[in-house]
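Note sheet for the following structure.
FYI, it's all coordinate maths here, none of it is from the lab. Please read these numbers as outputs of a predicted model, since none were measured by experiment. Please note: Cβ atoms are built from the backbone with ideal geometry, for glycine as well, and neighbour counts cover all protein chains shown.
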């Protein structure tokens, strides 16, 4: 099953010279960023965005505004190539995909834009390797500029240093996972001949006892601060790992944070085990909306104490 992740971003309005316009609820002549985004989402329910250069298509299938937030589903897909869709139950070709066909996958989103805030918070679902951030950023910014000449939008990965601090203060570090894509050479040497090493992932897990915590916060801090690469978290002779995943328990809820890029401190929260999966293989809307709003509450505590 693909990993279900929720990535956090900030959304700001900028002038042509790059100055931040605030508050988001009245960035220019009392215009409201939330209202503009709501209009965009409604427009994309009837008109599909087709980007020939990137060969991507995007549309809104669900959006609901409640107070100063909007949540819903945006579908995104790629086109420009052909492929064969196989019915795996019958072992028969179900459809021959044409270059003009786009395989649209649904992705959850949540936008929160307090009227007096200098920035909105945007939470987007990642479904395995699929996400909507790039296509949405291009399309929404183009829509915004057309309606607001002289202004543009800036999407920024949420720098989660404050969020990490909040998580670490509130929660327990219950597991550290050192992940290597592939196998160490001494293990790979034991594999059957003709194997493909890229088919395996190797992990070393350091797990706290029930009610306890993993005593590695002092080593974790330099990675979170960007002073050390994730691969320098712990030096091991037995394995050179590619990334570190930390798991925290906060008020009975578990959060997994990938330290994929400590230089920019981007974080995607793994919520695969916290959402209900429907028969179509995607998260149930109510469950992913609940988890996203829990994350939003933590973000707001960190950004707007």
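Remarks
- In plain terms, the residue of 28, 282 with the fewest other Cβ atoms within 10 Å comes first and the most crowded comes last, giving 28, 282.
- Based on DSSP H segments of at least four residues, each scored -39500 (n - 2.57), the chain has a per-residue ellipticity at 222 nm of -7000 deg cm²/dmol.
- Once the chain from residue 293 to residue 83 is taken as fully extended at 0.36 nm per residue, the excess over their C-alpha distance is 71.8 nm.
- Residue among 129, 92, 55 with the largest mean-square fluctuation in a Gaussian network model of the chain, springs linking Cα atoms under 10 Å: 92
- Gyration tensor verdict on the stretch 4-158 (Cα atoms; rounded if a/c is under 1.5, prolate if a/b is larger than b/c, oblate otherwise): prolate
- In the list (i) 16.6; (ii) 19.8; (iii) 21.8, the label attached to mean projected area of the Cα convex hull in nm² as derived from the coordinates here is (ii).
- For the pair the stretch 1-44 / the stretch 52-70, the C-alpha centres are spaced 12 Å from each other.
- Ranking of 39, 125, 199 by neighbouring Cβ atoms within 10 Å, starting from the fewest: 199, 39, 125.
- Residue order, fewest to most beta carbons within 10 Å, for 71, 46, 130: 46, 130, 71
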